[in-house]
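Worksheet: the structure to be examined is printed underneath.
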Amino acid sequence: MSAYIMFVRDATLDAEELATYSKMAADARGDHPLTALAHYGDFEVLEGHASEGVVLLKFPDMAAARAWYHSPAYQAAKVHRLKGAEYRVILVDGVE
């Protein structure tokens, strides 16, 4: 069953840190089986507070999503994400 990680960026704190994160996060994909379904494209907040953008990643299952998120390469990138912006990050099990 598919799994998804959604990143919702609420506020940018440091554009340089965020740029470093973006580069490192892309490199952290490695051989992980993920597909980017949305990447800061056009969006509309229908309910709740405003945000700056959304990334939606698809994985084959929850274990694969967790393996990528907890990988040393992504955790090194995450340090820069935390300095660069405020995010909500959600892992959800899919229906397929």
(request) Name every residue in segment 75-96 that is open to solvent by 80 Å² or more (accessible area, probe 1.4 Å) and under 18 Å from D27 (Cβ atoms), in order of residue number. (result) L82, K83
(request) Take segment 11-63 and flag every residue that is small (G, A, S) and either outside any loop (DSSP other than H, G, I, E, B) or on the phi > 0 side of the Ramachandran plot (or both). (result) A11, A15, A19, S22, A25, A26, G30, A36, A38, G48, G53, A63
(message) Within segment 15-34, does at least one residue satisfy the condition of being out of contact with any helix residue (DSSP H, G or I) (no Cβ under 7 Å at 6 or more places or on another chain) and β-branched (V, I, T)?
(response) no
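The values are calculated or read from the model by the stated rules, or taken from the named source; none is laboratory data. In this text, all values refer to a predicted model and were calculated from it rather than measured experimentally. Neighbour counts are summed over all protein chains in view; Cβ atoms, including those assigned to glycine, are modelled from backbone coordinates with ideal geometry. Calculation scope for accessible area: heavy atoms of the full protein, side chains included, ligands and nucleic acids excluded. Shrake-Rupley method; radii C 1.70, N 1.55, O 1.52, S 1.80 Å.
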